[in-house]
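Let me begin by presenting the structure, written as structure tokens, before commenting on it.
The values are calculated or read from the model by the stated rules, or taken from the named source; none is laboratory data. Here the structure is a predicted model, which is why all the values come from computation and not from measurement. Note: ideal-geometry Cβ built from the backbone for every residue, glycine included; neighbour counts use all protein chains shown. We work out accessible area using only protein heavy atoms, side chains counted, and drop any ligands, DNA or RNA first. Shrake-Rupley method; radii C 1.70, N 1.55, O 1.52, S 1.80 Å.
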Amino acid sequence: GGGGRSRFAAKEAAFKAHPHLRLGFHDIVILSSADAEELTGEKAPAGPGASAPVALIRAGNGGASRDQMARVSISHDGEYATAMCMGFEVDAEG
């Protein structure tokens, strides 16, 4: 179904937005903002699009010192799905 295509597009966008973390697809989980907050205890970014899906990027083999969240935007057009994700590097002290 369309949900699978959307999730794949979102994972791919998060994967490409974080090349510095050397992630695998299994290191990225796409969740609702509420589910991500519940799982991590960390509040998702507020503001416009606050209910947008979140890419939860797992710490570990990817080189991240802790799990982090990145907002994902998913668009649909019939059977096609596209997604965008803004990647960032967390300061070593952050």
Exercise for the section: Please work out how much accessible surface residue 51 shows to a 1.4 Å probe, ignoring ligands, DNA and RNA, in Å² rounded to 10. Expected result: 110 Å²
Fill in the blank from the handout: residue 86 and residue 59 label points (each 7 Å along its Cα→Cβ direction) are spaced in nm at 2.4 nm
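Can you sort 25, 8 by 1.4 Å-probe accessible area, starting with the largest? Could the numbers behind the result be given before it?
On the way: 25 75, 8 115 Å².
Ranked from most to least accessible, the order is 8, 25.
For residue 31, what charge total do you get from the other residues with a beta carbon under 11 Å from its beta carbon, if Lys and Arg give +1 and Asp and Glu give -1?
Values: positive: 7; negative: 35, 37, 38.
Spelling it out: positives minus negatives among the neighbours equals -2.
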Fill in the blank from the handout: Placing each pseudo-label 7 Å from Cα in the direction of the beta carbon, residue 75 and residue 38 end up separated by a distance in nanometres of 3.1 nm
Exercise for the section: Using a 1.4 Å probe and ignoring any ligands, DNA or RNA, find the accessible area of residue 71 and quote it in Å² to the nearest 10. Expected result: 60 Å²
Practice task
Within the set of other residues whose C-beta is less than 13 Å from the C-beta of residue 6, count the net charge using Lys and Arg as +1 and Asp and Glu as -1.
Solution key: 0
